[in-house]
Structures are given as C-alpha cells and as structure tokens.
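Here the structure is laid out as structure tokens; the discussion comes afterwards.
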Amino acid sequence: MSDRNPTSVRLTPEQEKALEEIGEREDRSQSWLIRRAIDEFIERHGQKEGGASE
C-alpha cells in the first residue's frame, strides 16, 4: 500500500507546459516536481516531515 495520498490540482496551460518541459529536462515526473515544490513551500512556511522521493 502506498504512503501517498492522491490529490488533484488545476493547472493553467502555461503551468502544465512548464512542468512538462522541466520534467523532461530533469527526467522527473510532474508528480515528483509538484511534491518537491510543496516540500519547499512547507520548509519555508513551517514544519517538514518527509520529502519528495520517487
């Protein structure tokens, strides 16, 4: 069983395109990039438990 909970977000076409391009360049999935961005946000604004890993 996965330790991750699915969620959904609505992205603008520009955000989706940027994520696709970064993901291809960095060889990472969009999910990984989004988890990483959330981790960084949490780190800047409070506590952090775990990290973005794939």
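Only the coordinates and a few stated rules stand behind these numbers; no lab work does. For clarity, every value in this text was computed on a predicted model and none was experimentally measured.
Test of understanding: what is the full-extension gain from Leu11 to Gln30, defined as 0.36 nm times their sequence separation minus their Cα-Cα distance? Before the final figure, lay out the partial values.
Values: separation 19, 0.36 × 19 = 6.84 nm, distance 1.15 nm.
The Leu11-Gln30 span can extend by a further 5.7 nm.
Can you list the HN-Hα couplings for segment 19-28, worked out from phi with the Karplus curve (6.51, -1.76, 1.60; θ = phi - 60°), rounded to whole Hz and with x for Gly and Pro?
4, 4, 5, 5, x, 5, 5, 8, 6, 10
If you wrap a convex hull around the C-alpha atoms of segment 1-48 and split its volume per residue, what is the figure in Å³?
On the way: hull volume 5.1 nm³, N = 48.
Considering the Cα atoms of segment 1-48, their hull volume per residue is 106 Å³.
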